[in-house]
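Peer 1: Here you go, one structure.
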Amino acid sequence: MYGQMMQQPLLISTLLVHAERHHGEREIVSRRVEGDIHRYTYKDLAARSRRMAKALAALGVKTSDRVATLAWNGYRHMELYYAVSGAGAVLHTVNPRLHPSQIVYIADHAEDQVLFFDLTFLPLIQAVANSTKTIKAFVAMTDRAHMPAADVASKIPNLLCYEELIEAQDDHYEWPSFDENTASSLCYTSGTTGNPKGVLYSHRSTVLHAYAAALPDALNCSARDVILPVVPMFHVNAWSLPYVGCMTGAKLVYPGAGLDGKSLYELFESEGVTLSAGVPTVWQGLLGYVEANDLKFSTMKRTVIGGSACPPAMIRTFGERFGVHVLHAWGMTEMSPLGTACTFKPKHLTQTQEERYAVMAKQGRAIFGVDMKIVDANGKELPWGSETSGDLYVRGPWILSSYYRDEGGDPLVDGWFPTGDVARIDADGYMQITDRSKDVIKSGGEWIGSIDLENIAMAHPAVAMAACIAAKHPKWDERPLLVVMKKPGAEVTKEELLAFFEGKIAKWWTPDDVVFVDAIPLGATGKMQKNKLRDQFKDYNLPTA
Ligand code: ADP
């Protein structure tokens, strides 16, 4: 017997229709690459998205065609989120921090038809425009007055102007209805090894994920919030915040290209931001600025930190110095991206602050919809509540079942997706990542979790960033080598740093050596590129060898 409820597909366009009807006057504020602050409402967003949907049709974009963007977080990018997917085409967000050759590779692989770009990326467009195979038009996301000069423009095939496309259409448009399993957007993994692989989201997975992301024990978003997503719209849909915005009617504040501490802080204060989200490296810049200028956050209550492990020292600084609660979250491109969020259970409310900080350092509990387990090397499930860590597997309706164009074959193991992360799960279900499997340090057959060591090093006041990598050792196979970037003007010796580990970990986990570097390489999504460091130090002679 079937239930007797309406069959309404979960479509991305329905989020926009809801926002226009119920939160039409709520604002969306953007720092533009043109230099000014732009503000309009959800009602304006809806009308302009409809016009853009018509413009796409006029450009010949058909159902399931891929439409690429190379753009910052801003209102025009959000219009494309809705116009492209809402019309039944596929929004392919491209990470502008990738190498131009990789951008050409993924644009060809995705068979993108049109590419929209922010003016910042004009040099990138000049570098790739004549190499991509399928792109028929390049659209500069600006008005006529800011279009590139004629000599530059003439070298880009079919260069169009965003505002002219919008102006050429009216806003009478009905969003089409179709199967909710239709593809909606495409995002390539950063591909630290091998070619990037595409993750193809559907309308259904996106809407379900947005519901889950907004829940109180996830990102806890409501109509009363003012959300500033620092996480880029060019990677994993800015952790769903452009969808959550329409779903909840929260005010959205987009930082554009201004990701430095000063620019972000100004927006936080001028727009009354209550919630933000980003990777630890961004918050480091922000905290540096706020501390150096002796400032405070007057409205920000919470910030979501994920993408790589948030050092406990950062959680503490936010909490103790600024009264900002850090919500540690974990996920990945293949998971839309949210998997876990670290919110308290009732028992934690009566614990001491120290005990709570220990909980907050973990990546958190599974959000409903995500099931997770840890397994040993033979795939056997490991119990929760012990110190043993294992390979983390997940499943759920917003987790990929195969990569775009079946690249890399079947990624699943008995219906579970192996994340490539190594984790332990405590008796309350709080998961803690100890490493990525390829970063684990194997010392005499035992595993040393590099993240634990980095977290300790980063709590030292002189350390700006620390990476722990495996260095070759004749007796133990591998031993930890700590690579450290100091804070500007700060001094610390190797001996002082090693002494800092005493009493915080098992003695045999202590790094065998410390090297100081001017910079630690960061990847396209702001994560430390440990593979590069491993290459750099592959012949390193440990003093213990
Ligand atoms: P990539 O394209 O590099 O895989 P993702 O953005 O998909 O980029 O990164 C996912 C990975 O990032 C996870 O598998 C995990 O290793 C790491 N990660 C994400 N959030 C956290 C976190 N809170 N703590 C530790 N690692 C994290």
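The values are calculated or read from the model by the stated rules, or taken from the named source; none is laboratory data. Only a predicted model underlies this, so the values are computations on that prediction, with no experimental measurement involved. Every residue, glycine as well, gets a Cβ built from its backbone with ideal geometry; the counts of neighbours run over all protein chains shown.
Peer 1: Any chance the range 193-207 includes a residue that's on the phi > 0 side of the Ramachandran plot, within 16 Å of the ligand (Cβ to nearest atom) and either among the hydroxyl-bearing types (Ser, Thr, Tyr) or out of contact with any His (no Cβ under 8 Å at 6 or more places or on another chain) (or both)?
Peer 2: yes
Peer 1: Can you find even one residue in the range 439-453 that is closer than 21 Å to residue 190 by Cβ and without any contact (Cβ under 8 Å) to a residue 40 or more places away in the chain? Steps first, please.
Peer 2: Taking the range 439-453 first, the residues closer than 21 Å to residue 190 by Cβ are 439-440, 450-451.
Those still in the list that are without any contact (Cβ under 8 Å) to a residue 40 or more places away in the chain too: 440.
The answer is yes; a qualifying residue exists.
Peer 1: Among the candidates 452, 439, single out the residue that is in contact with a Phe, Trp or Tyr (Cβ under 8 Å, 6 or more places away or on another chain) and acidic (Asp, Glu).
Peer 2: Result of the check over 452, 439: 452.
Peer 1: Sticking with this structure for a sec: What about residue 456, is it within 16 Å of the ligand (Cβ to nearest atom), more than 28 Å from residue 232 (Cβ to Cβ), modelled with pLDDT of 90 or more and not aromatic (Phe, Trp, Tyr)? So that I can check it myself, show each step before the final result.
Peer 2: Details: within 16 Å of the ligand (Cβ to nearest atom): yes; more than 28 Å from residue 232 (Cβ to Cβ): yes; modelled with pLDDT of 90 or more: yes; not aromatic (Phe, Trp, Tyr): yes.
In short, yes.
Peer 1: Identify all residues within the range 422-446 that are of a type in the set (D, E, K, R) and either in contact with a His (Cβ under 6 Å, 6 or more places away or on another chain) or modelled with pLDDT under 95 (or both); write none if there are none.
Peer 2: Step one: filter the range 422-446 for residues of a type in the set (D, E, K, R), giving 424, 426, 428, 435-436, 438-439, 442, 446.
Of everything in the range 422-446, those that are of a type in the set (D, E, K, R) and either in contact with a His (Cβ under 6 Å, 6 or more places away or on another chain) or modelled with pLDDT under 95 (or both) turn out to be 435, 436, 438, 439, 442, 446.
Peer 1: Please work out which one of (1) modelled with pLDDT of 90 or more; (2) closer than 30 Å to residue 95 by Cα; (3) among the β-branched types (Val, Ile, Thr); (4) not in a strand (DSSP E or B) is the condition residue 525 fails and give its number.
Peer 2: Unmet for residue 525, out of (1) modelled with pLDDT of 90 or more; (2) closer than 30 Å to residue 95 by Cα; (3) among the β-branched types (Val, Ile, Thr); (4) not in a strand (DSSP E or B): (1).
Peer 1: Residue 511 is checked against (1) buried (at least 18 other Cβ atoms within 10 Å of the Cβ); (2) within 16 Å of the ligand (Cβ to nearest atom); (3) without any contact (Cβ under 8 Å) to a residue 60 or more places away in the chain and fails just one. What number does that condition carry?
Peer 2: Condition (2) is where residue 511 drops out.
Peer 1: Which of (1) surrounded by fewer than 15 Cβ atoms within 10 Å (Cβ to Cβ); (2) over 24 Å from residue 360 (Cα atoms); (3) more than 16 Å from the ligand (Cβ to nearest atom) does residue 503 not meet, given it meets every other one?
Peer 2: (2)
Peer 1: Exactly one condition in (1) of a type in the set (Val, Ile, Thr); (2) surrounded by 18 or more Cβ atoms within 10 Å (Cβ to Cβ); (3) in a loop (DSSP other than H, G, I, E, B) is false for residue 134; which is it?
Peer 2: Going through (1) of a type in the set (Val, Ile, Thr); (2) surrounded by 18 or more Cβ atoms within 10 Å (Cβ to Cβ); (3) in a loop (DSSP other than H, G, I, E, B) one by one, residue 134 breaks only (2).
Peer 1: Which numbered condition trips up residue 190, out of (1) touching a residue at least 12 places away in the same chain (Cβ under 8 Å); (2) more than 16 Å from the ligand (Cβ to nearest atom)?
Peer 2: All conditions pass for residue 190, except number (2).
Peer 1: I'd like to verify a number: residues in the range 342-358 that are closer than 20 Å to residue 422 by Cβ and either crowded, with 20+ Cβ neighbours inside 10 Å or assigned by TED's automatic domain parsing to the domain that holds residue 425 (or both), how many?
Peer 2: Result for the range 342-358: 1.
Peer 1: Out of curiosity, is residue 439 closer than 26 Å to residue 310 by Cβ and either surrounded by fewer than 13 Cβ atoms within 10 Å (Cβ to Cβ) or more than 23 Å from the chain's Cα centre (by Cα) (or both)? Step through it out loud before you land on a result.
Peer 2: Details: closer than 26 Å to residue 310 by Cβ: yes; either surrounded by fewer than 13 Cβ atoms within 10 Å (Cβ to Cβ) or more than 23 Å from the chain's Cα centre (by Cα) (or both): no.
Considered against the rule, which asks whether it is closer than 26 Å to residue 310 by Cβ and either surrounded by fewer than 13 Cβ atoms within 10 Å (Cβ to Cβ) or more than 23 Å from the chain's Cα centre (by Cα) (or both), residue 439 comes out as no.
Peer 1: For the range 155-244, please list each of the strands (runs of 3 or more DSSP E) lying entirely inside it that holds at least 1 residues being assigned by TED's automatic domain parsing to the domain that holds residue 57 and buried (at least 19 other Cβ atoms within 10 Å of the Cβ).
Peer 2: Values: elements: 159-161, 183-188, 198-202, 226-229.
Counting at least 1 such residues, we get 159-161, 183-188, 198-202.
Peer 1: Determine whether the range 516-531 contains at least one residue that is touching a helix residue (DSSP H, G or I) at 6+ places or on another chain (Cβ under 6 Å) and closer than 23 Å to residue 317 by Cα. Before you say what the answer is, go through the steps one by one.
Peer 2: Taking the range 516-531 and keeping what is touching a helix residue (DSSP H, G or I) at 6+ places or on another chain (Cβ under 6 Å), we get 521, 526, 530.
With the extra rule that they be closer than 23 Å to residue 317 by Cα, the set shrinks to 526.
Looking for residues that are touching a helix residue (DSSP H, G or I) at 6+ places or on another chain (Cβ under 6 Å) and closer than 23 Å to residue 317 by Cα, one finds at least one in the range 516-531, hence yes.
Peer 1: If a residue has to be buried (at least 17 other Cβ atoms within 10 Å of the Cβ) and more than 23 Å from the chain's Cα centre (by Cα) to count, how many in the range 385-410 make the cut?
Peer 2: Summing the residues that are buried (at least 17 other Cβ atoms within 10 Å of the Cβ) and more than 23 Å from the chain's Cα centre (by Cα) in the range 385-410 gives 2.
Peer 1: Can you give me the number of residues within the range 281-303 that are free of Cβ contacts under 8 Å to residues at least 40 places away in the same chain and either more than 26 Å from residue 337 (Cα to Cα) or surrounded by fewer than 22 Cβ atoms within 10 Å (Cβ to Cβ) (or both)?
Peer 2: Here the count works out to 14.
Peer 1: Continuing with this model, one more query. Quick test of your reading of the structure: residue 261 fulfils all but one of (1) free of Cβ contacts under 8 Å to residues at least 40 places away in the same chain; (2) in contact with a helix residue (DSSP H, G or I) (Cβ under 6 Å, 6 or more places away or on another chain); (3) buried (at least 24 other Cβ atoms within 10 Å of the Cβ). Name the failing condition by number.
Peer 2: Of everything listed in (1) free of Cβ contacts under 8 Å to residues at least 40 places away in the same chain; (2) in contact with a helix residue (DSSP H, G or I) (Cβ under 6 Å, 6 or more places away or on another chain); (3) buried (at least 24 other Cβ atoms within 10 Å of the Cβ), residue 261 misses just condition (3).
Peer 1: For the subset of the range 352-361 comprising residues that are without any contact (Cβ under 8 Å) to a residue 40 or more places away in the chain and either outside any helix (DSSP H, G or I) or in contact with a Phe, Trp or Tyr (Cβ under 9 Å, 6 or more places away or on another chain) (or both), which member is farthest from residue 430 (Cα to Cα)?
Peer 2: 352
Peer 1: Continuing with the same structure: So which of 307, 339 ends up being within 7 Å of the ligand (Cβ to nearest atom) and either more than 27 Å from residue 200 (Cβ to Cβ) or of a type in the set (Gly, Ala, Ser) (or both)?
Peer 2: Every option except 307 fails the conditions.
Peer 1: Ok, one more. Whether any residue in the range 119-127 is loosely packed, with under 14 Cβ neighbours inside 10 Å and either among the aromatic types (Phe, Trp, Tyr) or not assigned by TED's automatic domain parsing to the domain that holds residue 419 (or both) is what I want to check. So that I can check it myself, show each step before the final result.
Peer 2: Filtering the range 119-127 for residues loosely packed, with under 14 Cβ neighbours inside 10 Å gives 123.
Narrowing further to those that are either among the aromatic types (Phe, Trp, Tyr) or not assigned by TED's automatic domain parsing to the domain that holds residue 419 (or both): 123.
There is at least one residue in the range 119-127 that is loosely packed, with under 14 Cβ neighbours inside 10 Å and either among the aromatic types (Phe, Trp, Tyr) or not assigned by TED's automatic domain parsing to the domain that holds residue 419 (or both).
Peer 1: Just wondering, is there one or more residues in the range 368-375 that are buried (at least 16 other Cβ atoms within 10 Å of the Cβ) and acidic (Asp, Glu)?
Peer 2: no
Peer 1: A further question follows. If a residue has to be in contact with a Pro (Cβ under 8 Å, 6 or more places away or on another chain) and either on the phi > 0 side of the Ramachandran plot or not aromatic (Phe, Trp, Tyr) (or both) to count, how many in the range 157-183 make the cut? Before the answer, list the steps.
Peer 2: We begin by selecting, within the range 157-183, every residue in contact with a Pro (Cβ under 8 Å, 6 or more places away or on another chain); these are 159, 177-180.
Subsequent filtering for residues that are either on the phi > 0 side of the Ramachandran plot or not aromatic (Phe, Trp, Tyr) (or both) retains 159, 177, 179-180.
Number satisfying all stated conditions: 4.
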